[in-house]
Amino acid sequence: MTDIKSMTIEELTELVAAMGEKPFRAKQLFAWMHVNRVRTYDEMRNLPGKLRSRLAEEQPLLTVRAVQMQESARGDTRKYLFALHDGNMIESVWMRHRHGISVCISSQVGCRMGCRFCASTLDGCVRNLTASEMLEQIYEIQRLTGERVSHIDVMGSGEPLDNYDTLLRWIHLVSHPDGICISQRNITVSTCGLVPQIRELARERFGITLAISLHAPDDLLRQELMPVARRYSIGELTAACREYFAETGRRISFEYALIAGKNDGAEHAEKLAKLLKGMNCHVNLIPVNPVKERNYSRSAAPEVRNFQIKLEKYGINVTIRREMGADIDGACGQLRKRYQDAQNDSGAGVQESRSGMNLPGSGTGHP
Ligand code: SAH
């Protein structure tokens with residue numbers, strides 16, 4: 001099935017031409033889908049009735065449907081569990097910051113990268129998302145909250161560079177001036193470090209920020225935490241990052257999840273500092289979110305602070321990720337996992353979480 005909301009204006013032009021329509025209809029269609037973000041063709045009032053009914057028959061407008069929402073006690077973070085048209089579930093997170101509103105979206109159903117501390121990967125990758133499903137997470141959250149989203153992180157479940165062509169298509173659509181038009185400067189794409197794709201992405205010269213999930217300063221430790229490190233060494237990864245910066249002029253952001261007694265010692269900080277010294281980058285320290293299937297625990301506040309100080313001594317830009325939503329299964333994939341486990345346990349419908357609420361069905365096209 002073709003997916004009309006994933007199509008570029010050029011592709012839409014071909015589609016309407018094949019239906020005997022003028023090219024300007026493609027722009028109208030694009031605006032209805034990506035600016036007005038209507039859910040039915042009936043609402044596209046300036047399109048001829050004949051075209052609307054033909055599209056409704058041949059090109060279903062797929063949407064995502066929120067089935068659960070959890071809000072943090074402070075009210076600045078909301079986590080949504082969305083059902084896709086085929087019944088698969090994904091998560092997205094809405095966050096209010098001083099500088100605006102960000103949404104963290106998923107790029108795959110599950111993930112096949114196998115990082116040891118991550119809940120998204122526990123059951124492997126079910127399928128890639130489409131560009132339209134990546135957009136819909138933002139559109140639906142904007143519909144539900146009524147507030148404009150200013151920043152997007154592709155940091156939810158899935159490995160975006162493992163769904164590479166879709167990622168490129170999504171960046172094109174989400175930053176298109178005739179669509180929702182989110183500045184590439186406000187988009188961060190996070191990867192576990194697929195080196196060939198980082199090199200390829202560099203050549204696109206997007207204005208986005210690339211975040212690298214590093215989590216360890218040497219190959220041995222990284223291989224223990226992240227299977228992908230067996231494929232690409234830290235040396236190859238940092239070389240690709242340097243190339244990315246040289247091509248795009250965009251500073252790389254390194255993610256480092258601090259795990260108590262594992263990667264949070266003074267010796268790790270020192271190694272990391274030496275590795276990144278002289279590089280135009282930023283380090284984001286994240287106390288790891290414990291996942292019940294794994295026995296990793298987060299570093300205590302003094303260790304986190306010491307780690308930061310050590311890096312700063314070497315002149316490295318470093319911030320500690322503001323902890324948002326740890327009280328609502330904040331880590332990637334935990335809400336979806338819990339929902340699935342609950343369904344398996346009870347063999348029945350949705351289990352309501354203590355801090356969450358079930359949302360009423362929001363409309364069209366879902367089984
Ligand atoms: N696959 C991509 C994007 C999704 S994961 C990547 O690896 O970057 C988004 C970020 O959350 C990554 O930095 C990932 O390593 C981190 N992460 C996953 N599980 C976590 C956990 N339990 N605690 C803290 N960070 C976690």
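The values are calculated or read from the model by the stated rules, or taken from the named source; none is laboratory data. Just so it is clear, the structure is predicted and the values come from calculations on it, not from any experiment. Note that each Cβ is placed from the backbone with ideal geometry, even for glycine, and that neighbours are counted across all protein chains shown. What goes into the accessible areas is simple: the full protein's heavy atoms, side chains included, and nothing from ligands, DNA or RNA. Shrake-Rupley method; radii C 1.70, N 1.55, O 1.52, S 1.80 Å.
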Segment 4-58 - convex hull of the alpha-carbon atoms, volume per residue in Å³
73
Cα-based reach from Lys22 at 14 Å (exclusive), listing aspartates and glutamates while leaving out same-chain residues under 8 positions away
Glu10, Glu11, Glu14
Hey, can you find the accessible area per residue of the chain for me, probe 1.4 Å, expressed in square angstrom?
43
Set of lysines near Lys5 by C-alpha distance (under 18 Å), chain-local residues within fewer than 8 positions excluded:
Lys27
Place a point 7 Å from the Cα of Ser233 along the Cα-to-Cβ direction; which residues of segment 268-285 have their backbone N under 19 Å from it?
271-277
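Using a 1.4 Å probe on the protein chains only, how many percent of the accessible area of segment 4-58 belongs to carbon and sulfur?
Roughly 52 percent of what the probe reaches on segment 4-58 is carbon or sulfur.
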Estimated distance in nm for a label pair at Ala266 and Asp178, the labels positioned 7 Å out from Cα along Cα-to-Cβ
6.1
Pick from Ala266, Ala18, Ala73 the residue whose mean-square fluctuation is largest in a GNM of the chain, springs joining Cα atoms under 10 Å.
Ala18
Tell me which DSSP H helices of the chain clear both cut-offs, 20 Å or more of axial length from alpha-carbon atoms and a mean Kyte-Doolittle hydropathy of at least 0.0.
234-248
Low-density loop cleavage sites - GluC sites (Glu not before Pro) in segment 129-230, where at most 13 other Cβ are within 10 Å (DSSP):
Glu147
Here, Ala18 and Ala246, labelled 7 Å along Cα→Cβ, have an inter-label distance in nm of 4.3
Carbon plus sulfur, as percent of the 1.4 Å-probe accessible area of segment 65-354, comes to 45
Lysine pairs, Cα distance under 28 Å, 8 or more residues apart or cross-chain: how many in segment 65-354?
16
Label point distance in nm, Thr319-Asn306, each placed 7 Å from Cα along Cα→Cβ
2.6
Tell me, what ³J(HN,Hα) does each residue in segment 89-102 have, in order and in whole Hz, if you take phi through Karplus 6.51 cos²θ - 1.76 cosθ + 1.60 with θ = phi - 60° and put x for Gly and Pro?
10, 9, 10, 9, 10, 9, 9, 9, 10, 5, 8, x, 10, 10
